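Q: Below is the structure I would like to discuss, written out as structure tokens.
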Amino acid sequence: MKKQIVILGGGTGGTMTANRLRRHFDADEAEIHVVDRDDRHVYQPGLLFVPFGLAQVDEIVRPRHRQLRSGIDFHESEVESVWIERDEVLLEDGTVLPYDLLVIATGARLQPEETEGLTGPGWNERAFTFYTPDGADLLQRALESFDGGRVVVNLIDMPIKCPVAPLEFAFLADAYFHERKIRNRVELIFATSLDGAFTKPVASKHLAGLLTEKDIELVTEFNAGEVDGVGGKLSSYDGRDLDFDLLVTVPLHGGAAYVERSPGLGDALGFVPTDKSTLQTLAQPNVFALGDATDLPTSKAGSVTHFEGDVLTENIVRFLEGRELDSSYDGHANCFIETGFHKALLIDFNYETEPLPGRFPSAVGPLPLLRESRLNHLGKLMFQWVYWHMLLPGREIPGIGPAMPQAGKKHLTTTTT
Amino acid sequence: MTALLIAETSVDVDAEGFLTNPDQWNEQIAEEIARESGVPALTDRHWLVIRYMRDRYLATGTAPSIRSLGKESGVPIKELYALFPKGPAKLAAKIGGIPKPRGCI
Ligand SMILES: Cc1cc2nc3c(=O)[nH]c(=O)nc-3n(C[C@H](O)[C@H](O)[C@H](O)COP(=O)(O)OP(=O)(O)OC[C@H]3O[C@@H](n4cnc5c(N)ncnc54)[C@H](O)[C@@H]3O)c2cc1C
């Protein structure tokens, strides 16, 4: 009998998975449905460059349905809820989609309204985020007319998509103000809820060093609870205040709202509890998840979504054939970190191994790990092409496999937490 | 990891003083760690949070973050900071005798 595969979310993970499954299954073996609320696929890593005029929003957005192979049914609608007991999805437009297998790929949702005052007066005037196309655009205009003062770059709390992006923003802002020859009139502050520049010790030390080098003040364990967007004040729950002329924040993230509306599917923040090596959800055996929507203890990043995709597709095939699941996903993540002045750093890690110095993908490189280089910056820029032409269509990317390569990493410590 | 005597009981702790074996914990230990960490007396509200953290850790192997703690325990984040100054999730974990929350990546 023909299998019904329903994929919620037509972003990075959903599109890639749909294309891979469509190639694997003949039309008479499976119907594949993809649901997304709109038809605008944003290349999200590009948002980092928009505020500095290094990219335009229309250059990083393409029609969603065009990224899907023929033979995939695209439904443009909000997901209303999932009935995991009945194997059905209800869409806002009233459509009911029954499924044999469901993939949750609805990513993470920004929740600026969860922070007191953030979306009140001053929002998008003095307090901004570059995590949405509109926000990035408005911030670009504000930066253009900014000619000095205190800029606070802030990460309210984890988890967020691409945890290095706020740091990259701070580095690029430093370079941007230098280029405009007003760096000496700008005070740059990086305020984070973490206890260091990043989550993992070796990389955190490296990145803190870079902040110092660039004269960016690091404020740690700053759990922002309130924003005064008119007076220009960011306050933490433990009673500290940071004054700003311009705030660039990354709002709190949660899972998609329908996850919270669907009994038994998500956790308190709307993320979907998922087996960390098979990507099967804990909700039901025929429900799988990937990307930012899961609760897995690894970064919410496109690279993670991509590596998960390999194991996920394999497991969907095995599940539908009644075979045992592959449990080889190791938490592999790989992130370029833009550091300004045409340079970038690269980090590569998984559940067990923290980001270490060395070379990627092997001992002879070519890319240096945890060290600034022009080649890494070119790698980051190249990635947009790779994203549209290889990652989304679900083609193999030469030299980059799902499992984290050990060769090339310099282990400095014996601990891995 | 080192062994430490707290409330006349020998417990294993990490470099920052978090118990590494939750089974070695008891309420006297909690009260002593609390005092040393600047929480002179544990009220019912403190205990509610401490027990919630412990139960979650023992059931799932990870302690909740401050945000899920705020949503799930019914104690708002502002109050959590009043009860456990500085870092509520960390401090409640320490007092509750469970390993330091790993945070997100
Ligand atoms: C500023 C920024 C910079 C980044 N930089 C990098 C980087 O350099 N490297 C990297 O690897 N990653 C980066 N990322 C992260 C990366 O973009 C994401 O991790 C990745 O896109 C996750 O894929 P996904 O499929 O899980 O979610 P998404 O690609 O976000 O897709 C989720 C989809 O679900 C849809 N959806 C959600 N809810 C509903 C609903 N209720 N009904 C219908 N549709 C719904 C959404 O419209 C969306 O299309 C960055 C992200 C941001 C924001």
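Q: Can you tell me how much longer the chain between A:Val317 and A:Lys2 gets when fully stretched, taken as 0.36 nm per residue apart minus their C-alpha distance, in nm with one decimal? Write out the running numbers ahead of the final one.
A: Numbers: separation 315, 0.36 × 315 = 113.40 nm, distance 1.34 nm.
Length difference between fully extended and current span is 112.1 nm.
Q: Of A:Lys410/B:Lys94; A:Lys233/A:Lys300; A:Lys276/A:Lys409; A:Lys3/A:Lys161, which sit over 26 Å apart, Cα to Cα? Can you show the working numbers first?
A: Details: A:Lys410/B:Lys94 33 Å; A:Lys233/A:Lys300 29 Å; A:Lys276/A:Lys409 23 Å; A:Lys3/A:Lys161 33 Å.
Among A:Lys410/B:Lys94; A:Lys233/A:Lys300; A:Lys276/A:Lys409; A:Lys3/A:Lys161, the Cα-Cα distance tops 26 Å for A:Lys410/B:Lys94; A:Lys233/A:Lys300; A:Lys3/A:Lys161.
Q: More than 15 Å apart: what percent of Cα pairs in the range A:6-102 qualify? Please report the intermediate quantities before stating the final value.
A: Details: 2949 of 4656 pairs.
More than 15 Å apart: 63 percent of the Cα pairs in the range A:6-102.
Q: Taking the 0 to 90 degree range and rounding to the nearest ten, how far is the long axis of helix A:133-144 tilted relative to the main principal axis of chain A, both from C-alpha atoms?
A: The answer is roughly 10 degrees.
Q: Another one. Could you give the accessible area per residue of the range A:30-188, probe 1.4 Å, as a whole number in Å²?
A: Details: 6640 Å² over 159 residues.
Each residue of the range A:30-188 exposes 42 Å² on average to a 1.4 Å probe.
Q: Another question, then. Enumerate by residue number the GluC sites (Glu not before Pro) in the range A:263-367 meeting two conditions: DSSP loop (anything except H, G, I, E, B), and at most 12 other Cβ atoms within 10 Å of the site's Cβ. Could you put the intermediate results ahead of the total?
A: Values: sites: A:Glu308, A:Glu314, A:Glu321, A:Glu324, A:Glu338, A:Glu352; in loops: A:Glu321, A:Glu324, A:Glu352.
In loop regions of the range A:263-367 (DSSP not H, G, I, E or B), the sparsely surrounded GluC sites (Glu not before Pro) are A:Glu321, A:Glu324, A:Glu352.
Q: Still on this structure, please answer the following. Give, to the nearest whole percent, the P(r) tail of the range A:61-189 beyond 20 angstrom, counting all Cα pairs.
A: 62
Q: Out of the DSSP beta bridges found with both residues in the protein assembly as shown, what percent are antiparallel (nearest 5)? Spell out each step's value before the answer.
A: Details: 42 of 82 bridges.
Antiparallel bridges make up about 50 percent of those DSSP assigns within the protein assembly as shown.
Q: Per residue, what volume in Å³ does the Cα convex hull of the protein assembly as shown take up? Don't skip to the end; give the middle numbers.
A: Working: hull volume 79.4 nm³, N = 522.
Looking at the protein assembly as shown, the number lands at 152 Å³ per residue.
Q: Under the rule a/c < 1.5 gives rounded, and otherwise a/b versus b/c splits prolate from oblate, where does the range A:176-247 land using the Cα gyration tensor? Write out the running numbers ahead of the final one.
A: Values: a/c = 3.02, a/b = 1.05, b/c = 2.89.
It comes out oblate by the Cα gyration axes.
Q: About its Cα centre, how strong a charge dipole does chain A have in debye, to the nearest 20, once Lys and Arg get +1 and Asp and Glu get -1 at the Cβ?
A: Numbers: 39 positive and 61 negative charges, 336 e Å.
So the magnitude is around 1620 debye.
Q: Tell me the label-point distance for the pair A:Ile182, A:Glu396, using the 7 Å Cα-to-Cβ offset, in nm and rounded to one decimal.
A: So the label points at A:Ile182 and A:Glu396 sit 5.1 nm apart.
Q: State the percentage of accessible surface on the protein assembly as shown attributable to carbon and sulfur atoms; use a 1.4 Å probe and exclude ligands, DNA and RNA.
A: Working: 10890 of 21820 Å².
That share works out to 50 percent.
Q: Also: Express as a percent, rounded to the nearest 5, the fraction of DSSP beta bridges in the range A:112-253 (both residues included) that run antiparallel. Write down the numbers at each step before the final one.
A: Details: 7 of 27 bridges.
So the antiparallel bridges in the range A:112-253 amount to around 25 percent.
Q: What do you get for the angle between helix A:12-24 and the principal long axis of chain A? Use alpha-carbon atoms, 0 to 90 degrees, nearest ten.
A: So the helix axis and the longest Cα principal axis differ by about 30 degrees.
Q: Compute the long axis of helix A:374-386 from its Cα atoms, compare it with the longest principal axis of the Cα atoms of chain A, and write down the angle in degrees, 0 to 90, nearest 10.
A: 40
Q: Given +1 on the Cβ of Lys and Arg, -1 on the Cβ of Asp and Glu, and no further charges, what dipole in debye does chain B carry about its Cα centre, rounded to the nearest 20?
A: Numbers: 13 positive and 13 negative charges, 125 e Å.
Roughly 600 debye, rounded to the nearest 20.
Q: Sticking with this one: Can you compute the modelled spin-label distance between A:Gln406 and A:Glu76, with each label point 7 Å from Cα toward Cβ, in nm?
A: Rounded to a tenth, the inter-label distance reads 5.0 nm.
Q: Here's something else I'd like to know. Report the trypsin sites (Lys or Arg not before Pro) located in the range A:50-123 that are in a DSSP loop and have at most 12 other Cβ atoms inside 10 Å of their Cβ, or state none. Don't jump to the answer; show the numbers that get you there.
A: Details: sites: A:Arg64, A:Arg66, A:Arg69, A:Arg86, A:Arg109; in loops: A:Arg64, A:Arg69, A:Arg86.
For trypsin sites (Lys or Arg not before Pro) across the range A:50-123 that sit outside H, G, I, E and B with at most 12 neighbouring Cβ atoms in 10 Å, the list reads A:Arg86.
Q: What fraction, in whole percent, of alpha-carbon pairs in the range B:2-95 exceed 18 Å separation? Please list the in-between numbers first.
A: Numbers: 1771 of 4371 pairs.
Every Cα pair in the range B:2-95 considered, those over 18 Å come to 41 percent.
Q: Enumerate the amide H contacts of A:Glu80 below 5 Å, restricted to partners 5 or more residues apart or on another chain; note that Pro and chain-start residues carry no placed amide H.
A: It is A:Leu90, A:Leu91, A:Glu92, by chain and number.
Q: Compare each residue of the range A:228-258 in its chain alone against the assembly with all protein chains, and report those whose accessible area goes down by 30 Å² or more; 1.4 Å probe, heavy atoms.
A: Output list: A:Tyr237, A:Asp238.
Q: Between A:Lys205 and A:Glu114, 0.36 nm times their residue separation minus their Cα-Cα distance comes to what?
A: Details: separation 91, 0.36 × 91 = 32.76 nm, distance 3.07 nm.
Fully extending the segment from A:Lys205 to A:Glu114 adds 29.7 nm.
Q: In Å² (nearest 100), what accessible area is buried between B and A, both sides summed, heavy protein atoms only, 1.4 Å probe? If you can, show how the numbers build up before the last one.
A: Working: alone 6110 and 17370 Å², together 21820 Å².
Summing both sides, the interface buries roughly 1700 Å².
Q: On to the next question. Using a Förster distance of 25 Å, how high is the FRET efficiency between B:Leu48 and B:Glu16, based on the Cβ-Cβ distance and rounded to 0.05?
A: On the way: r = 24 Å, r/R0 = 0.97.
About 0.55, to the nearest 0.05.
Q: So what's the range A:346-417 giving for Cα Rg divided by 2.2 N^0.38 Å, two decimals?
A: Details: Rg = 13.2 Å, N = 72, 2.2 N^0.38 = 11.2 Å.
Relative to the 2.2 N^0.38 Å estimate, the range A:346-417 comes out at 1.18.
Q: While we're looking at this one, here's another question. List the trypsin sites (Lys or Arg not before Pro) within the range A:345-414 that DSSP assigns to loop and that have no more than 12 neighbouring Cβ atoms inside 10 Å. Walk me through the intermediate numbers first.
A: Details: sites: A:Arg359, A:Arg371, A:Arg374, A:Lys380, A:Arg395, A:Lys409, A:Lys410; in loops: A:Arg371, A:Arg395, A:Lys410.
Sparse-neighbourhood loop trypsin sites (Lys or Arg not before Pro): A:Lys410.
The values are calculated or read from the model by the stated rules, or taken from the named source; none is laboratory data. Because the structure is predicted, anything quoted here is derived from the model rather than measured. Ideal geometry is used to build each Cβ from the backbone, glycine not excepted, and the neighbour counts take in all protein chains shown. Note: areas computed on protein heavy atoms with side chains; ligands, DNA, RNA excluded. Shrake-Rupley method; radii C 1.70, N 1.55, O 1.52, S 1.80 Å.
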